[in-house]
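The values are calculated or read from the model by the stated rules, or taken from the named source; none is laboratory data. What you see is a predicted model; the values in this text were computed from it and never measured. Ideal geometry is used to build each Cβ from the backbone, glycine not excepted, and the neighbour counts take in all protein chains shown. Note: areas computed on protein heavy atoms with side chains; ligands, DNA, RNA excluded. Shrake-Rupley method; radii C 1.70, N 1.55, O 1.52, S 1.80 Å.
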Amino acid sequence: MKYAFLLMALVLAAQEKPAQEKPAEAKPAEAGPTQPKAVEQPVRGEFEIGVRFNSDVRGDLNTYRSIVNLGEGVRLLRWDTWLDAKKKWLKQAHFYGGGWGGDPSAWLRLSAEDGKWYRFNADHRTTAYFNALPSFANPLLERGILANQRSYDTRRRFTEFEVALLPASPLIPYFSYTRDRGFGRGVTNFVADANEYPVLNNLNDRTNVYRGGVRVERRRLHLTLEQGGIQFRDDQNTEAGPAAQPGNRTAPIFGEQLVLRDLRQAYGIEGSSVFSRGLVTAQPAGWLDINGAFQFSQPRNDITYTQTAAGRFIDLDSLLFLNTQNARLLGAAKQPHLTANLGLEIRPEGRLRVLQSWTTDRLHNASSVSETPFSDRLEWNYNQQQTEVLVEPVARLTLRGGYRYVWGDGRARASFLGNAPFERGELRRHGALMGAGYRMTDRFSLYSDVEIVRSDRVLFRTSLTDYEKVRVRGRHALTGSLRLYGSLQYLNNETPPELNRFEFRSMQEAMGLEWMPGSGQGVQVIGEYARSTIRSDLLYLAPQTLGSERSFYRENAHTVTGLVTVPLALGWTWQARLSAGGSMFVSSGSRPTDFYQPVARVTLPLGKRCSVLAEYRWYGVSQTFYTFEGFRSHQGIIGLRIN
């Protein structure tokens, strides 16, 4: 009831009638019928404000906050306003947003222009990110300790401004500024020889991006040339103490118990970069389209690391026990990075199209650490060339065939198991592309794509090697108000044993319908059902024994979503509307999980410009093997929509 008086005041304010104005003097009627003048509304908008009620969460609060994280209180749920000023320096403006008042995700956007001299856009978003699932990255789970050792409770704010000058002219200069900042706390591990210690972690990072350039807008040419710069800063520090903690290892080593009593660890990364970018789309002839992009950057980072730790530690190289650890390092790194792509579309005749594309991505970084012999280098080169031919043998039928070739290489410092200082890898991949599209009528269409790829060399253990990918999509409008759609996606990957076996299969089938008779003014029905399967089988090298181990995962899942909206004939001038439905996810396999989210919503108009909103949701999560991560929560919203 603590929000009842506020809600009552909002209802009364929305129902309050405006003060009566003094009637104007009557004018003599003119001969002949007259049309009433349309009243212009320079300002128009819609607002939704409400109060969320949240019952106590039953079950694990950390899991609830990691998945839902919605609290209670007054919320500005949504607003959308337009201003038609028609002034010399402001023709129109659009201001909209939602989620303000305490929700984990809130946003607002503003656009304004005068139609001739400028166009201004602003975007601001704030996100609260919480992740502390008890079963994730928790080596102490078998002992019944549910404290996550890789958890985050942070907030991120993103703001962007852009001004374009002379937006209606062929030559459009523009300027942009973006700021991205994150801050908060979390838990991470302080890693020492033979042990790890969960400690508090303070996070703070910020990035500023400045961009400026010019756009050329012609009938057959669109060109963008841009120059920009980036400033980056990331500061993190960990702290622990004064109470001694044994860490993840409770057994003594060589008769000594390892403990951490005090820790002050901090590192800061500061970087900057200047980048150049160009984009172009052109049609030099009626049968030829060209598009391309180019970007080059060379970021540089400077790193400072300090550490002071007290406790009982061991140095595995010398097998000596230590009571303190102190370190201070300075490092630097540079990374020239080039990305470019070029595409052509050739139409030699009306029923034939040839698509040609080429992409390259190249970078290398060089780093060094002061007062040490350590230096590192990473080289990466990726290229892709693709040719496709599209032909329409008969009306409404399109066939597609093509070939893709991917090649590249990489070089990085080798692991301690290697004999050479550097390890080199290569990528060679060939792919056949096929597809078809058929539109029997304007109401029925069916599309399919097939991709068959074979690789003789890959860069990463979990990369797809020899795989087949199939995708089918269909749509059928039975009537003007009833539409059916469906899709099928299949992926099958097998890595040969000589490349360390990795099998991965996934399939998803989905079907849905939309029924909106009377252009959606009456009953509305939206529903979808999807079934998915995942199977992963991978051999990996265990660092503890340096032996081969097997990682096997499978999942069979069913997902149902739906919403039914019906008008409630209460005999009022303005009809109320009731919506009911929700979502459901049920899976079996390696990690069975059930998720239910039913929802019911009522909209009750109080007049032409005001409606009362009421909504109820229930969240429920349960896991067979991880019962401690289940939770249940009831939520409700009561609010107003004002036009």
Hey, rough spin-label estimate for residue 503 and residue 231, points 7 angstrom out along Cα→Cβ, what's it come to in nanometres? 5.6
Relative to the Cα centre, what is the charge dipole magnitude of the chain, using +1 at the beta carbon of each Lys and Arg, -1 at the beta carbon of each Asp and Glu, and rounding to the nearest 20 debye? 1800
Cα long-axis angle, helix 4-15 against the chain (0 to 90 degrees, to the nearest 10): 40
Compute the distribution of all C-alpha to C-alpha distances in the chain, in bins of 10 Å from 0, and list the percent of pairs in each, rounded to whole numbers. 3, 9, 15, 22, 25, 16, 8, 3, 1, 0, 0, 0
Modelling each spin label as a point 7 Å along the Cα-to-Cβ direction, I'd like the residue 554/residue 315 distance in nm, to one decimal. 5.1
List the trypsin sites (Lys or Arg not before Pro) within segment 197-226 that fall in a DSSP loop (any state other than H, G, I, E or B) and whose Cβ has at most 14 other Cβ atoms within 10 Å. 218, 219, 220
Provide the FRET efficiency to the nearest 0.05 for the residue 287-residue 171 pair, computing r from the beta carbons and using R0 = 30 Å. 0.60
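Over segment 50-169, what is the percentage of antiparallel beta bridges among all DSSP beta bridges, to the nearest 5? Write out the running numbers ahead of the final one.
Numbers: 40 of 40 bridges.
Taking every DSSP beta bridge within segment 50-169, about 100 percent pair in antiparallel fashion.
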Just to be sure I follow the rule: in the chain, considering lysines 8 or more places apart or on different chains, how many pairs have Cα atoms under 18 Å apart? 6
Can you find, among 470, 188, 511, the residue sitting farthest towards the positive end of the charge dipole of the chain, where Lys and Arg contribute +1 and Asp and Glu -1 at Cβ? 511
So for the pair residue 129, residue 422, with labels modelled 7 Å out along Cα→Cβ, what separation do we get in nm? 3.3
Considering only protein heavy atoms and a probe of 1.4 Å, how much of the accessible area of segment 594-634 is carbon and sulfur, as a whole percent? 58
Ignoring everything except DSSP H segments at least 4 long, calculate the 222 nm mean residue ellipticity for the chain; use -39,500 (n - 2.57) per segment, divide by total residues, nearest 500. -1000 deg cm²/dmol
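Using 0.36 nm times the number of residues separating residue 158 and residue 84, minus their current alpha carbon distance, what extension gain do you get?
Working: separation 74, 0.36 × 74 = 26.64 nm, distance 2.81 nm.
Residue separation times 0.36 nm, minus the Cα-Cα distance, leaves 23.8 nm.
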Mind checking the full-extension length gain between residue 342 and residue 91? Use 0.36 nm per residue of separation minus the Cα-Cα distance, one decimal, nm. 86.5 nm
Calculated FRET efficiency for the pair residue 256/residue 111, C-beta based, R₀ 51 Å, to 0.05: 0.20
Before I look further, what does segment 355-406 give for accessible area per residue, probe 1.4 Å, in whole square angstrom? 57
If R0 = 41 Å, then residue 583 and residue 606, at their Cβ-Cβ distance, give a FRET efficiency to the nearest 0.05 of 0.85
I want to make sure I understand the PRE zone here: with the label point 7 angstrom from the Cα of residue 43 toward its beta carbon, which residues in segment 79-111 have backbone N atoms less than 11 Å away? 82-84
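In percent, what relative contact order does segment 563-606 have, based on Cα pairs under 8 Å that are 6 or more apart in sequence? Write out the running numbers ahead of the final one.
Values: 72 pairs, mean separation 15.9, N = 44.
RCO, segment 563-606: 36 percent.
Could you give the longest part of the chain that holds none of the GluC sites (Glu not before Pro) found in DSSP loops with at most 12 neighbouring Cβ atoms within 10 Å? It would help to have the intermediate numbers written out before the result.
On the way: sites that count: 16, 21, 25, 30, 40, 371.
Between the exposed loop sites, the longest stretch runs 41-370.
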